[in-house]
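Derivation of every value follows stated rules applied to the coordinates shown; laboratory data play no part. What you see is a predicted model, and the numbers here were worked out from it, not measured in a lab. Please note: Cβ atoms are built from the backbone with ideal geometry, for glycine as well, and neighbour counts cover all protein chains shown.
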Amino acid sequence: MTMFEKLMPKSDDFFSDFEAQAATVVAGTKLLHDLLQDFTDVPAKCQAIKDIEHRADDITHRAFARLHTQFITPFDRTEIHRLLSRIDDVLDLADAAAERLGLYDIESVLPESRELAAVLVAQSEKMVEAVKLLRTMKKDPRAIIEACKEINVLENQADTLTRKTMAMLFKRGNDPLTVMKWKEIIDLIESATDRVEDVANVIEGVVLEHA
Amino acid sequence: MTMFEKLMPKSDDFFSDFEAQAATVVAGTKLLHDLLQDFTDVPAKCQAIKDIEHRADDITHRAFARLHTQFITPFDRTEIHRLLSRIDDVLDLADAAAERLGLYDIESVLPESRELAAVLVAQSEKMVEAVKLLRTMKKDPRAIIEACKEINVLENQADTLTRKTMAMLFKRGNDPLTVMKWKEIIDLIESATDRVEDVANVIEGVVLEHA
Amino acid sequence: MTMFEKLMPKSDDFFSDFEAQAATVVAGTKLLHDLLQDFTDVPAKCQAIKDIEHRADDITHRAFARLHTQFITPFDRTEIHRLLSRIDDVLDLADAAAERLGLYDIESVLPESRELAAVLVAQSEKMVEAVKLLRTMKKDPRAIIEACKEINVLENQADTLTRKTMAMLFKRGNDPLTVMKWKEIIDLIESATDRVEDVANVIEGVVLEHA
């Protein structure tokens with residue numbers, strides 16, 4: 001089974017879509033973290049992230065198309081639409097960060113960016129957990145709420161880390177264009193962690209309403 | 001009939017409001033594109049965009065006021081509110097970009113910015129199409145979904161273009177303040193294309209729920 | 001009664017939570033304004049803002065927890081969730097601005113930033129007003145809508161001020177890193193004013209639907 005087969009939804013229901021999307025987010029953010037750990041073969045590594053992002057788009061678009069035709073849905077159509085969109089956003093931003101790493105003639109990696117990417121990976125893994133629990137949300141709503149809370153805690157860590165990284169970047173006597181490039185990359189990774197928090201908020205809302 | 005008369009809603013219903021708003025977006029984004037094509041008479045051209053933006057605000061505020069008093073609405077009040085707000089956002093951002101072009105002592109136009117503005121104009125024209133189809137959404141929901149999809153495709157183009165433009169900007173040996181100014185202008189135009197995508201998403205949601 | 005006691009919700013209902021949250025926003029944004037007026041004892045002043053922000057988080061999290069267990073709510077659970085989240089965002093951004101003022105080795109305060117912070121304080125005070133009127137929204141919906149409109153007017157002022165401040169910053173011959181630091185701080189304060197506008201929009205939506 002290739003990685004891409006592993007990333008396809010297991011069956012034709014929205015819970016499988018959420019799970020497949022979340023799995024692509026973990027795969028993509030791990031590759032971003034790897035790229036920052038070992039900054040070689042940059043174009044190939046960026047391409048690998050983009051490939052996963054395209055795969056994620058396929059999953060999202062197929063799920064959207066099913067929303068139009070399927071008569072009964074497990075919860076509100078608008079909430080399903082929102083959840084699919086927000087999970088999709090996370091990988092878009094991770095991919096945008098990777099693309100800039102490829103485009104901007106970066107010479108050396110800002111060490112703090114690795115730590116930030118690691119928080120994004122940890123958050124994405126928690127998101128997989130939360131999304132898997134959605135199938136049985138009436139049985140154990142508190143477990144989902146708990147996972148969402150942990151995502152929020154990680155988002156706060158990402159926020160603090162981002163501020164410290166920026167302070168470091170300004171202090172180290174880097175040239176302004178280098179600061180600008182890294183500020184953009186750091187902001188994109190941090191925005192990705194914000195979007196995982198948005199996913200957690202949508203999930204929390206769904207649980208509040210339906211469980 | 002003056003341009004401003006042409007930009008007024010044809011009658012007192014929300015579909016006319018959406019159409020009038022979308023028409024102001026096309027008019028305003030076209031002026032932004034013209035300004036970038038021919039960077040002369042900058043203050044007058046910026047003022048023309050701001051005038052249209054004020055006209056759009058009038059349309060939006062009148063529509064909001066009607067939302068309070070009108071008993072029956074063609075679909076959910078909250079969705080109408082959201083749609084009016086998101087369309088309004090597009091022109092706000094185009095105007096913000098134009099204003100910065102006027103304020104920042106820009107000496108010469110970044111060529112790639114014209115291409116990005118052209119994508120925004122194309123998207124705005126698709127938005128007019130989608131908004132016009134809303135009146136008869138039950139008759140042909142797929143045509144609306146199709147227009148929304150094309151808006152999303154254009155947004156992806158804008159995204160790619162933005163990244164390439166930024167890479168160019170860093171490579172060309174511009175001074176840091178010039179890079180910063182253009183980064184902000186480019187980001188604003190790109191955000192405008194994101195807001196058109198938001199409009200498409202709201203419209204898609206309305207169609208999913210009501211058509 | 002200490003300041004922190006004053007900032008606690010008066011009783012166990014969501015209206016008290018909104019009021020307590022809004023009071024923390026006023027307290028926090030006033031401290032931000034004070035810090036910009038008198039840029040001494042910076043670490044202590046930043047810490048005071050962070051303390052209020054933590055207090056606000058406590059209020060928000062307790063209110064979220066109650067949303068799970070309380071059977072009857074004064075209006076839609078999702079709207080309550082959204083309102084709690086958006087009010088919380090305002091202070092997060094004000095705190096982020098203050099934190100950067102502490103972290104970035106700022107030598108002297110950009111005078112225009114004080115004016116912008118003053119607009120944020122004025123907006124926050126209007127938000128307190130709007131939030132207090134929510135208890136009796138059926139009695140006087142127009143007063144709430146009026147307060148929301150004034151918040152929007154102030155947001156427009158903040159927007160204009162931000163653009164002029166940025167133009168000034170570029171013109172004054174500041175070094176690029178200084179421009180970058182202040183651009184970030186100004187953007188954060190401006191985003192805080194955007195979030196107050198979001199709060200106003202959520203409130204307007206609630207009033208449209210329930211009053």
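Tabulated values for the structure
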item: Matching option when the condition is away from chain B (no Cβ under 14 Å), more than 19 Å from A:L188 (Cβ to Cβ) and of a type in the set (A, V, I, L, M), among A:A48, A:A44; result: A:A44
item: Check on C:S16, in a helix (DSSP H, G or I), out of contact with any helix residue (DSSP H, G or I) (no Cβ under 7 Å at 6 or more places or on another chain) and of a type in the set (G, A, S); result: yes
item: The range A:56-74 - residue that is touching a helix residue (DSSP H, G or I) at 6+ places or on another chain (Cβ under 6 Å) and within 14 Å of A:V25 (Cα to Cα) and, of those, nearest to the other protein chains (Cβ to nearest Cβ); result: A:T60
item: Counted residues, the range C:179-203 - those being free of Cβ contacts under 8 Å to residues at least 40 places away in the same chain and not aliphatic (A, V, I, L, M); result: 3
item: Single residue of B:Q47, B:Q37 found to be surrounded by fewer than 15 Cβ atoms within 10 Å (Cβ to Cβ) and in contact (Cβ under 8 Å) with a residue 24 or more places away in the chain; result: B:Q37
item: The listed residue being more than 12 Å from chain B (Cβ to nearest Cβ), assigned to a helix (DSSP H, G or I) and more than 18 Å from A:Q123 (Cα to Cα), out of A:T178, A:T193, A:T165; result: A:T165
item: Residues of the range B:97-152 satisfying the condition of being of a type in the set (D, E) and either over 19 Å from the mean Cα position of the chain (by Cα) or surrounded by 23 or more Cβ atoms within 10 Å (Cβ to Cβ) (or both); result: B:D105, B:E107, B:D140
item: Residue list for the range C:102-127, restricted to those being farther than 30 Å from C:A211 by Cβ, away from chain A (no Cβ under 14 Å) and either of a type in the set (D, E) or free of Cβ contacts under 8 Å to residues at least 60 places away in the same chain (or both); result: C:P111, C:E112, C:E115
item: Qualifying residue in the range C:152-160 (condition: within 30 Å of A:F170 (Cα to Cα) and among the polar types (S, T, N, Q)); result: yes
item: The range C:75-101, residues that are at the interface with another protein chain (Cβ under 9 Å from one of its Cβ atoms) and either under 17 Å from C:L188 (Cβ atoms) or among the small types (G, A, S) (or both); result: C:S85, C:D92, C:A96, C:E99, C:R100
item: Which numbered condition C:D175 misses (of (1) surrounded by 15 or more Cβ atoms within 10 Å (Cβ to Cβ); (2) over 23 Å from C:V206 (Cβ atoms)); result: (1)
item: Residue within the range C:128-142 that is more than 14 Å from chain A (Cβ to nearest Cβ) and within 25 Å of A:T160 (Cα to Cα) present; result: no
